Amino acid sequence: MDTGAQDTIEEVWSNIKSVLQDTAMKVLGKKKAGKSKEWISDDTLQLAAETRQLKATRRNSAENRRYYNHLCHKIRKSATTDYGNFITQICHNIEVDYKQNKSRMSTGVYSK
C-alpha cells in the first residue's frame, strides 16, 4: 500500500473521529462524575470543581499554591459542616418519628 494513500486514510479517519466526538459532546455532554455523597452540598462540589481546575497550575507560582491550599481548607471545612448538618437532620427526623410512635420506621430507614 502506498504511504500517500495511507496518509489520506489516516486523515479521513481523524476527520470522521473528530466529527463524531464533537457531535457526541454537543448531544450527550460531558460524562458526569460518579454519584457524590448525599450530604455534600452543591457549594462544596463547586469548590471541588474549582480546585480540580486549579490543581494543574498550583506549581507555577506561590500565589496559586496559596490559593489552592486555601480552597482545600475551605472544602474540608465545608464538608465537615455539611456532614454535621446531615447528621443533625437525621437525628431530628428520628426524634420526630419517636414522638409520633413510629420507632420501627425510623430505625429501619436511618440504620444505613
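The values are calculated or read from the model by the stated rules, or taken from the named source; none is laboratory data. Since the model is a prediction, treat every value here as computed from it, not as a measurement. Cβ: placed from backbone, ideal geometry, glycine included. Neighbour counts: every protein chain shown.
Numbers for the structure displayed
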{"item": "Qualifying position, being more than 30 Å from residue 103 (Cβ to Cβ), in the same structural domain as residue 103 (by TED's automatic domain parsing), among the β-branched types (Val, Ile, Thr) and surrounded by 10 or more Cβ atoms within 10 Å (Cβ to Cβ), among 44, 88, 8", "result": "44"}
{"item": "Subset of the stretch 22-37 [more than 30 Å from residue 81 (Cβ to Cβ) and either in the same structural domain as residue 78 (by TED's automatic domain parsing) or surrounded by fewer than 10 Cβ atoms within 10 Å (Cβ to Cβ) (or both)]", "result": "26, 27, 28, 29"}
{"item": "Filter pass, residue 39 being without any contact (Cβ under 8 Å) to a residue 24 or more places away in the chain and not aliphatic (A, V, I, L, M)", "result": "no"}
